[in-house]
Structure formats: C-alpha cells, structure tokens
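Participant: Quick one: the structure is below, questions incoming.
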Amino acid sequence: MIKKVEYLDLDRLAQDIVNGRELTDENLRELLCLTEEDEIQKLHYVARKVRDHFFGNKVFLYSFVYFSTHCKNNCAFCYYNRCNDIQRYRLDIEEIRNICRALKNESIHMVDLTMGEDPYFHNEPERFIDIVRTVKDETGLPIMISPGVLDDKTLIQLHENGADFLALYQETHDRELYRKLRVGQSFEERVHAREFAKMIGYCVEDGILTGVGNDIESTIKSLRGMQKNKPDMVRVMTFVPQEGTPLGEVSQESSLSELKIISILRLMFPDRLIPASLDLEGIDGMVHRLNAGANVVTSIIAANSSLEGVVNYDRNLEERDRDPKSVVDRLRTMGMEPASQADFKRIREKSTGKPVGIVGLPEVHA
Ligand code: SF4
C-alpha cells in the first residue's frame, strides 16, 4: 500500500537530498502518487528550496532557433513527422546569421540550434557544421545542438567547431512505450549518441514526455533511465496532441503531472539544469515550472519572430511573449534574475571536468 508523504517527511527528505541522499524507487512511487493539492504544493516548495541551495535565485536563459522543420522520421507524437502534410521551412545561413545578430545584446546564456532529422543536413553534415561555426562566430555564446541522432564522427566535428551541449530526448526509457512513440527508431543508437557525446566533452540533455500512456511504473523506468546516463540537463514535457499525427486525437492531460515530475527531477538531480519551456503554456507556464523547481528558461525567441516551436502553444496567437525582455521582466517579479555567463561557465566546467573559455562572450545583462 502507498503511504501518504507527510509534510515533515518532505522537509526532511529535501534536507537529506542536499546532504547527498538519493531517492529510492519507493520514494519515487510515493511522490508520483501524490494527488492532494497541499501535498503537491509542499513538494514544489521543497524542490524550490533544494534548487535555491545550489543556484540561489539565478536562472539560465536559452534562445531557440528551430532552423529546419523537415524530418525523415515518423514519431507518433510529433507535428513534424514526415507523414504530416504541413508547411515546412529550412533557414539558410544568412537568415541564421541575422537571428544571431539580433541575439547579440540580449540576456541569453546559450543558443539552441534545433532541427528535425532533415536529410539535407544529415546526409551532408558539413552543412550543419557550417551553421554551428557561423553561430559561434556571430554570438560567441555556448551552443546547444538538437539535431536528432548523429554518428560519432559528426558529433566530434560539431564539438570541434563549437557545439557545447547535445540535447537528445529519449522521450521514454520504457522500451515498449518507446516503440510506440519513436516508431521505427533504434533505442540503443539514441542512448549511444548521448553517451558518446558525454564521453567526448559535450554536456548532454535527456528528456521525457508525460501524459502519453505512461503509468507510474513506466515513469519510474524513464526517471531511472535518464539517471543512468548522467545527464547535465533533464527535461519533462507534457504531451500535447498535434493535428494530423497518429496521437492527434488523444485527449490532453493538464500540466500537473509535468509540474510534479519537475519537482521530483529536482530532488533526483539537485544540482543539474532543469528547464521551464515557454513552448507549452507561454510565460505564465514558465512561472509554474520555475515554482516547481526548474532553473532554466528555454524556447526564448525574438519578439517579432515567426520561427516555430516544438509544441507551439502560440501557433495561432497574434501576440507572442517569448522574447528575452518579457522573460527577464517576469523573472524579476518572482524575485529571480538571469545568472551571469561566469555562473554558466562554472556549471559547464563542473559537468565536463575541464576548463571552458568565455573570453569575448557578451555578458548577460542583469
Ligand atoms: S520528434 Fe524529432 S525525430 Fe521525431 S518526427 Fe519530430 S522532428 Fe522528427
């Protein structure tokens, strides 16, 4: 029988986590089973305390450049899967350069270069390497790449040309569910790419979906699967049914499960980066996610940008409030503020175990 987690236990648990204790599977089960509002609020509260112990009130900000929405894959949950008959785009190098110039004086710690598994780049990796080199030259900022699964040689070349982080989401570490979500794709190749990237000096991000047929035991498998790969950043996102996809008719869950898992991630990965994405519920959703224990804001785009997001809560909205200024203004109302580039450098050095340069990087405007 599942025991109710008392307030006192959660306070003690958080203190133990700060002192180096790790959650057991039974702890995970208990936390995932919480349903009462006051219990969940208490969980978010202790997750914030653990986050604040390691990061204070500082938040990291990532700009999002979805430069190609073409993809050869057929993920059942994804709007951009190859079978969906949608408008797609692929930015050229000059368009990307212009986005970089607009970013130069913004409060941004890292640029996230995302694409589907676009054969135009996957078959000719030098094209993608050119983009990474250009973004590094233009911004001087750390670069995250989110390109899908790449081979070892390409990962090495990208790292040598300026890629610092690899984001590669398993979406689930439950193999049965994986087969249904990432249709026809190798589970092992995806794990290998993250492990290899970590070994050669990247920081890596793994992520899971919630609300997509995963029960508590499946979620525990995913949480443990993420932990095994020692990621530097861990993400959970609520599944949002996308028009024209095999899962398009599934009913959408609220973000409550995601918020609970963000808090659990904070207890499992106390000193790691955990994102609050703007892509799901905009800037109000960012606040909820930071209040659950996140410490990074992702999917920031310029105020006048027409770039796509992955989930795109605002695809049909006229006003988008995902620009750096709106984010920083809202952070300040929460008593939080952007971290410095030096803070981000320290995190990256701790993760990779080696010095990283920040000479010439624009300072984040506090
Ligand atoms: S999730 Fe990524 S790999 Fe899968 S279909 Fe979408 S863009 Fe392609």
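The values are calculated or read from the model by the stated rules, or taken from the named source; none is laboratory data. Just so you know, these numbers come straight off a predicted model, no measurement behind them. We place every Cβ from the backbone using ideal geometry, glycine too, and count neighbours over all the protein chains shown. These accessible areas exclude ligands, DNA and RNA; they are computed on the full protein's heavy atoms, side chains included. Shrake-Rupley method; radii C 1.70, N 1.55, O 1.52, S 1.80 Å.
Participant: Name the one entry in 191, 212, 183 that is at pLDDT below 95, within 16 Å of the ligand (Cβ to nearest atom) and not in a strand (DSSP E or B).
Facilitator: Of the residues listed, the single one that is at pLDDT below 95, within 16 Å of the ligand (Cβ to nearest atom) and not in a strand (DSSP E or B) is 212.
Participant: Just the residues that are away from the ligand (no atom under 12 Å from the Cβ) and open to solvent by 10 Å² or more (accessible area, probe 1.4 Å), please, taken from the range 163-180.
Facilitator: Within the range 163-180, 164, 173, 174, 175, 176, 177, 179, 180 meet the criteria.
Participant: Another question, if that's okay. I want to confirm something. Restricting to the range 140-153 and keeping residues that are within 16 Å of the ligand (Cβ to nearest atom) and not aliphatic (A, V, I, L, M), which single residue is least open to solvent (accessible area, probe 1.4 Å)?
Facilitator: 147
Participant: Of 23, 34, 28, 61, which residue is of a type outside the set (Lys, Arg) and part of a helix (DSSP H, G or I)?
Facilitator: Testing whether each residue is of a type outside the set (Lys, Arg) and part of a helix (DSSP H, G or I) leaves just 28.
Participant: Determine if the range 65-81 includes at least one residue that is in a loop (DSSP other than H, G, I, E, B), in contact with a helix residue (DSSP H, G or I) (Cβ under 9 Å, 6 or more places away or on another chain) and within 29 Å of residue 328 (Cα to Cα).
Facilitator: No: zero hits.
Participant: For the range 3-17, indicate whether the set of residues that are outside any strand (DSSP E or B), loosely packed, with under 14 Cβ neighbours inside 10 Å and of a type in the set (A, V, I, L, M) is non-empty.
Facilitator: yes
Participant: For the range 107-125, give me each residue that is out of contact with any Gly (no Cβ under 9 Å at 6 or more places or on another chain), within 14 Å of the ligand (Cβ to nearest atom) and more than 20 Å from residue 159 (Cβ to Cβ).
Facilitator: Listed by number, the residues that qualify are 119, 120.
Participant: Checking the conditions here, which among 206, 137 is open to solvent by less than 40 Å² (accessible area, probe 1.4 Å), among the charged types (D, E, K, R) and either part of a loop (DSSP other than H, G, I, E, B) or at pLDDT 95 or above (or both)?
Facilitator: Exactly one residue qualifies, and that residue is 206.
Participant: Is it true that residue 213 is touching a residue at least 40 places away in the same chain (Cβ under 8 Å), surrounded by fewer than 22 Cβ atoms within 10 Å (Cβ to Cβ) and not hydroxyl-bearing (Ser, Thr, Tyr)?
Facilitator: Criteria not met by residue 213.
Participant: Identify all residues within the range 226-252 that are farther than 14 Å from residue 351 by Cα, touching a strand residue (DSSP E or B) at 6+ places or on another chain (Cβ under 8 Å) and not in a loop (DSSP other than H, G, I, E, B); write none if there are none.
Facilitator: If the condition is that a residue be farther than 14 Å from residue 351 by Cα, touching a strand residue (DSSP E or B) at 6+ places or on another chain (Cβ under 8 Å) and not in a loop (DSSP other than H, G, I, E, B), then 226, 235, 236, 237, 238 are the ones that fit.
Participant: Could you give me the residue pairs with C-beta distances under 7 Å whose first residue belongs to the range 134-160 and is closer than 20 Å to residue 342 by Cα, whose second residue is of a type in the set (Ser, Thr, Tyr) and away from the ligand (no atom under 16 Å from the Cβ) wherever it lies, and which are 6+ apart or on separate chains?
Facilitator: As it stands, the answer is 144/62, since those pairs meet every condition given.
Participant: Take the residues in the range 35-74 that are over 24 Å from residue 294 (Cβ atoms) and surrounded by 20 or more Cβ atoms within 10 Å (Cβ to Cβ), then tell me which one is farthest from the ligand (Cβ to nearest atom).
Facilitator: This residue is 67.
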